[in-house]
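Here's the structure, in structure tokens; my notes come after.
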Amino acid sequence: QVQLVESGGGLVQAGGSLRLSCVASGIIFSANALGWYRQAPGKRRELVARITSDGTANYADSVKGRFTISRDNTKNTAYLQMNSLKPEDTAVYYCKADRAWRYYWGQGTQVTVSS
């Protein structure tokens, strides 16, 4: 059974930082790309950052220079370091693992940034 479990969300003031974690089980972690997505109320889910199996990362323009995605294949864990947070970063953040045509989602973790 595949599981992706996110953690690290919470309430933070604007300008603050949070580090999200996504622990995966039931997949060959090193062979999967890992992505962080977010969905704000009334909005569509959007890609925040993604890192491929070979470590290549890409980011949404809105988070470039503020967020950093990384992965530790020895721990089956992906991270999203979020700095200089803004109120518009408020959303539920989801982890997604994908390999070829297969993909799996986590349950999400809430991030709230107060002004």
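Structural remarks
- Criterion (polar (S, T, N, Q) and on the phi > 0 side of the Ramachandran plot) met by exactly one of SER17, SER84, SER30: SER84
The rows are residues; the columns are (1) free of Cβ contacts under 8 Å to residues at least 60 places away in the same chain; (2) surrounded by 13 or more Cβ atoms within 10 Å (Cβ to Cβ); (3) of a type in the set (S, T, N, Q).
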site: PHE29; (1), (2), (3): no, yes, no
site: ALA33; (1), (2), (3): no, yes, no
site: ARG38; (1), (2), (3): no, yes, no
site: ARG44; (1), (2), (3): yes, no, no
site: VAL48; (1), (2), (3): yes, yes, no
site: THR52; (1), (2), (3): yes, yes, yes
site: TYR59; (1), (2), (3): yes, yes, no
site: VAL63; (1), (2), (3): yes, yes, no
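- Segment 87-115, residues that are of a type in the set (Gly, Ala, Ser) and assigned to a loop (DSSP other than H, G, I, E, B): ALA100, GLY106, GLY108, SER115
- On inspection, ARG50 passes the criterion of being in a strand (DSSP E or B), out of contact with any Phe, Trp or Tyr (no Cβ under 7 Å at 6 or more places or on another chain) and among the basic types (Lys, Arg).
- Residue in segment 1-27 that is most open to solvent (accessible area, probe 1.4 Å), counting only those that are among the hydroxyl-bearing types (Ser, Thr, Tyr) and without any contact (Cβ under 8 Å) to a residue 60 or more places away in the chain: SER25
- For segment 70-90, a residue qualifies if it is in contact (Cβ under 8 Å) with a residue 40 or more places away in the chain and hydroxyl-bearing (Ser, Thr, Tyr), and the qualifying residues are THR77, TYR79, SER84, THR90.
- Residue under evaluation LYS64, criteria (1) over 14 Å from GLU6 (Cα atoms); (2) in contact with a strand residue (DSSP E or B) (Cβ under 8 Å, 6 or more places away or on another chain); (3) of a type in the set (D, E, K, R), criterion not met: (2)
- The residues of segment 97-111 that are under 26 Å from GLY15 (Cα atoms) and either modelled with pLDDT under 95 or surrounded by 16 or more Cβ atoms within 10 Å (Cβ to Cβ) (or both), listed by number, are GLY108, THR109, VAL111.
- Comparison of SER21, SER62, SER84, SER70 shows that the only residue that is in a loop (DSSP other than H, G, I, E, B) and either under 15 Å from the mean Cα position of the chain (by Cα) or aromatic (Phe, Trp, Tyr) (or both) is SER62.
- With respect to being assigned to a strand (DSSP E or B) and modelled with pLDDT of 95 or more, ARG44 falls outside the description.
The values are calculated or read from the model by the stated rules, or taken from the named source; none is laboratory data. The model shown is predicted, which means the values in this text are computed figures rather than measured ones. Neighbour counts run over all protein chains shown; Cβ positions are idealised from the backbone, glycine included. Remember, those area values only see protein heavy atoms, side chains included, never the ligands or the DNA or RNA. Shrake-Rupley method; radii C 1.70, N 1.55, O 1.52, S 1.80 Å.
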